[in-house]
Amino acid sequence: MTDDRSPLAEGAKPMVTGPNPHTPESGTPFDVLFQGGRIIDGSGDEPFAADVGVWGGKIAKVGRLDGKGAARTIDVAGLHIVPGFIDMHTHAERGLPYPELASSVHHLKQGVTTVLGGADGYGAWPIGASIEGLADRFTRQGIGTNAALMVGLGQVRRQVMGLEAGTPTSDEMTRMKRYITSAMEGGAVGVSSGLVFTPDRFFNTSEIVELVGTVAPYGGIYQTHIRDEADGLLDAVDEAIRISENSEVVTVVTHFKAAYRRNWGKLREATDLIDRARNRGVRVYADQYPFVEGGPAQLVPEELWLGEDGQVQDKTGRLRAIFEGMSDDAMLALHAELSGGSLGPEHEGFWAERPGLLRDAVAETIARSSPAEGAALHALSSWLGTHQGPGNPDERARFVARLADARSGPGVRELVAGHIEHLGGADNLLVFGSGRQDIELRPLAAAAAVLGESVTEAAIRLTLEGARAIVVMHSKDDLEYAMSKPFVATGSDGDYPYFGVTGGKLGAPQAIRSYATFATKIREYVLDRPIISLPHAIRSATSLPAEIVGWRDRGLVREGYKADIAVLDLEGIRPRSTLSDAHRYSEGVRYVLVNGVFALDAGEPTGALPGRVLSLNTVSPHREE
């Protein structure tokens with residue numbers, strides 16, 4: 001989005017560049033008037049002194065507003081007024097449907113007013129349901145932030161082809177494109193993929209280009225969890241660029257990183273690939289979170305827990321055979337449990353008509369489960385006798401027996417040592433969930449010294465005791481280089497955690513992303529270590545995401561724009577979430593307006609649910625008029 005606005009001098013008349021400015025009639029007071037603050041307007045320009053008047057859910061006036069009336073006037077001297085942040089990558093679909101999570105307090109406490117859901121190819125609504133149905137549910141129930149939703153490539157492939165590999169037929173491609181078109185007509189803002197996940201990984205590049213091209217007439221975007229974030233990073237980024245170029249669709253490489261120590265430094269090359277593509281006119285972007293940790297991961301390779309054949313596919317088959325003996329009603333109840341709650345009548349109807357696909361989906365979900373995916377799934381898979389880990393008594397006994405066997409023991413230990421090296425080495429793995437203060441969150445190498453064991457033996461012992469590892473996935477040097485680029489937005493890859501409960505697929509690291517992404521970026525990379533400027537950081541979370549999606553009325557503090565606003569106390573900005581104490585809200589955001597309504601007031605949630613489901617603008621810069 002080209003922006004030629006200069007900062008306002010104190011007392012200068014503001015430029016009006018937003019769409020259809022709405023101002024109150026003469027003598028009519030504002031709904032809200034923020035006075036005495038400094039504005040960082042989201043464009044990347046420097047802060048300037050001005051007041052902001054809000055009326056009718058929009059920013060009505062920006063400038064000196066002394067003597068103007070308002071239903072509520074707030075003195076924000078010493079504070080900064082910014083556009084509400086836009087989180088480019090969330091799993092909002094896991095939280096917004098549930099009333100107890102829909103207020104999105106973890107987002108509001110960071111100044112987030114809009115989230116993008118449906119990432120990684122999963123989509124934001126279950127197979128067979130409709131985006132219109134989900135939007136209607138959100139509207140009736142209420143949501144704390146705005147939400148924009150994507151349809152998933154994996155979502156539509158699963159509906160048409162199940163979980164099977166293979167090349168789609170012409171008819172299957174047509175059906176998948178029809179589902180994507182229906183989603184876009186219903187208000188989706190684009191399509192997502194997770195090319196490391198089943199079944200997305202079965203698509204080839206040309207098939208993705210054809211499917212992604214379906215969103216081009218609507219001005220939709222393509223957000224991709226690329227095919228490889230580690231050894232094959234450069235090829236995977238190149239594929240994303242080619243998809244963007246050939247489909248003519250705005251593309252976002254999401255949670256942009258170079259995973260594992262052996263690949264550190266590659267992100268600079270990948271960033272430069274995107275930069276060069278953009279210079280020749282390809283509309284490709286990236287988003288990132290400001291953390292280097294990932295996991296939890298097993299301290300021993302998962303194949304040691306997969307059973308004698310070591311194949312997830314065979315385990316899925318065994319589960320599928322078990323499920324043949326279960327009634328459809330029991331399968332629906334089991335699927336609801338795995339999904340975290342009631343499916344709803346429209347979803348139950350879909351699955352009731354597809355009992356075979358239902359059994360396939362549940363079987364693979366359980367076959368791939370691990371302790372990090374939550375206590376309920378862990379207990380369920382253990383009950384079925386198929387869990388790959390020390391929580392399953394039979395597999396634990398087999399593992400211990402293989403260790404003790406003179407023929408197999410050395411091979412098992414060699415696999416463990418290779419696994420540790422693959423994850424970056426013993427200095428790169430932090431012990432997690434040990435219950436021991438002397439080794440918790442210390443490198444595995446240090447923990448092994450405390451235990452008086454070799455690294456390999458310590459990893460085995462800690463695994464049997466229930467510990468795992470937090471992996472230092474990528475380097476700060478890589479992260480900071482990408483962060484400095486004007487095409488890299490901010491996205492948390494966050495979940496909607498129940499406060500005080502470390503759950504979800506990734507556990508503590510994912511919780512930190514949920515609670516602290518935006519606060520960490522400002523505190524660590526702007527205030528404590530000035531890696532980037534404050535206007536740059538704010539732009540990466542406001543007007544840049546709005547530019548990517550194509551919204552022309554959000555992402556800036558401008559007259560006529562929607563009143564999605566955050567007021568920050570920069571001195572007080574603090575991320576409180578840590579690996580050892582993940583469930584802590586960030587601090588330093590004083591006020592948040594969502595569509596002109598206070599969602600956070602004096603730092604506390606109001607309980608209001610003013611969010612809306614956002615679609616693409618009718619005049620999107622990505623749509624051909």
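The values are calculated or read from the model by the stated rules, or taken from the named source; none is laboratory data. In this text, all values refer to a predicted model and were calculated from it rather than measured experimentally. Counting neighbours? That spans all protein chains shown, and the Cβs are built from the backbone with ideal geometry, glycine included.
General observations
Quick grid of which residues meet (1) assigned to a helix (DSSP H, G or I); (2) hydroxyl-bearing (Ser, Thr, Tyr); (3) in the same structural domain as Ile226 (by TED's automatic domain parsing):
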{"position": "Pro97", "(1), (2), (3)": "no, no, yes"}
{"position": "Ala102", "(1), (2), (3)": "no, no, yes"}
{"position": "Gly121", "(1), (2), (3)": "no, no, yes"}
{"position": "Ala135", "(1), (2), (3)": "yes, no, yes"}
{"position": "Phe138", "(1), (2), (3)": "yes, no, yes"}
{"position": "Ala147", "(1), (2), (3)": "no, no, yes"}
{"position": "Gly154", "(1), (2), (3)": "yes, no, yes"}
{"position": "Thr174", "(1), (2), (3)": "yes, yes, yes"}
{"position": "Ala183", "(1), (2), (3)": "yes, no, yes"}
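- Search result, residues across the stretch 34-53 that are of a type outside the set (A, V, I, L, M, F, W, C) and outside any loop (DSSP other than H, G, I, E, B): Gln35, Arg38, Asp51, Gly53
- Only residues that are under 17 Å from Gly281 (Cβ atoms) and part of a helix (DSSP H, G or I) were counted across the stretch 214-236, and they come to 1.
- Residue satisfying all of: in the stretch 465-499; out of contact with any Phe, Trp or Tyr (no Cβ under 9 Å at 6 or more places or on another chain) and over 29 Å from Tyr585 (Cβ atoms); surrounded by the most Cβ atoms within 10 Å (Cβ to Cβ) among these: Lys485
- Here Val592, Val549 are screened, and the one residue that is more than 30 Å from Glu440 (Cβ to Cβ), in contact with a Phe, Trp or Tyr (Cβ under 8 Å, 6 or more places away or on another chain) and β-branched (Val, Ile, Thr) is Val592.
- Checking each residue in the stretch 538-584 for being in a loop (DSSP other than H, G, I, E, B), touching a residue at least 60 places away in the same chain (Cβ under 8 Å) and surrounded by fewer than 21 Cβ atoms within 10 Å (Cβ to Cβ) picks out Arg552, Asp553, Gly560, Asp569, Arg576, Thr578, Leu579, Ser580, His583, Arg584.
- All of Leu451, Leu462 fail the test of being of a type in the set (A, V, I, L, M, F, W, C) and crowded, with 24+ Cβ neighbours inside 10 Å, apart from Leu462.
- Filter result for Asp75 (acidic (Asp, Glu) and surrounded by 22 or more Cβ atoms within 10 Å (Cβ to Cβ)): no
- Condition check for Glu293: on the phi < 0 side of the Ramachandran plot and surrounded by fewer than 18 Cβ atoms within 10 Å (Cβ to Cβ): no
- Gly435 buried (at least 19 other Cβ atoms within 10 Å of the Cβ) and in a loop (DSSP other than H, G, I, E, B): no
- Subset of the stretch 241-255 that is within 19 Å of Asp493 (Cα to Cα) and without any contact (Cβ under 8 Å) to a residue 40 or more places away in the chain - its residue that is surrounded by the most Cβ atoms within 10 Å (Cβ to Cβ): Val253
- In summary, Tyr591 fulfils each of the numbered conditions (1) of a type outside the set (A, V, I, L, M); (2) in a strand (DSSP E or B); (3) within 22 Å of the chain's Cα centre (by Cα) with the single exception of condition (3).
- Residue that is surrounded by the most Cβ atoms within 10 Å (Cβ to Cβ), among those in the stretch 120-165 that are more than 21 Å from Leu358 (Cβ to Cβ) and free of Cβ contacts under 8 Å to residues at least 24 places away in the same chain: Asp136
- Residues in the stretch 430-439 that are out of contact with any Lys or Arg (no Cβ under 9 Å at 6 or more places or on another chain) and modelled with pLDDT of 95 or more: Asp438, Ile439.
- Within the stretch 213-240, residues that are under 16 Å from His255 (Cα atoms) have Cβ atoms under 6 Å from residues that are of a type in the set (Phe, Trp, Tyr) in these pairs: Ala230/Tyr260, counting only partners at least 6 apart in sequence or on another chain.
- For the stretch 315-330, the count of residues that are surrounded by fewer than 18 Cβ atoms within 10 Å (Cβ to Cβ), modelled with pLDDT under 80 and of a type in the set (Val, Ile, Thr) is at least one.
- Asp66 out of contact with any Lys or Arg (no Cβ under 9 Å at 6 or more places or on another chain), among the acidic types (Asp, Glu) and crowded, with 21+ Cβ neighbours inside 10 Å: no
- Within this structure, Ala582 fails the test of being under 24 Å from the mean Cα position of the chain (by Cα), under 19 Å from Ala147 (Cβ atoms) and not assigned by TED's automatic domain parsing to the domain that holds Val115.
- Residue in the stretch 516-523 that is hydroxyl-bearing (Ser, Thr, Tyr), touching a Phe, Trp or Tyr at 6+ places or on another chain (Cβ under 9 Å) and either in a helix (DSSP H, G or I) or modelled with pLDDT of 95 or more (or both) present: yes
- Number of residues in the stretch 479-494 that are out of contact with any strand residue (DSSP E or B) (no Cβ under 6 Å at 6 or more places or on another chain) and either in the same structural domain as Ile420 (by TED's automatic domain parsing) or among the hydrophobic types (A, V, I, L, M, F, W, C) (or both): the value is 2.
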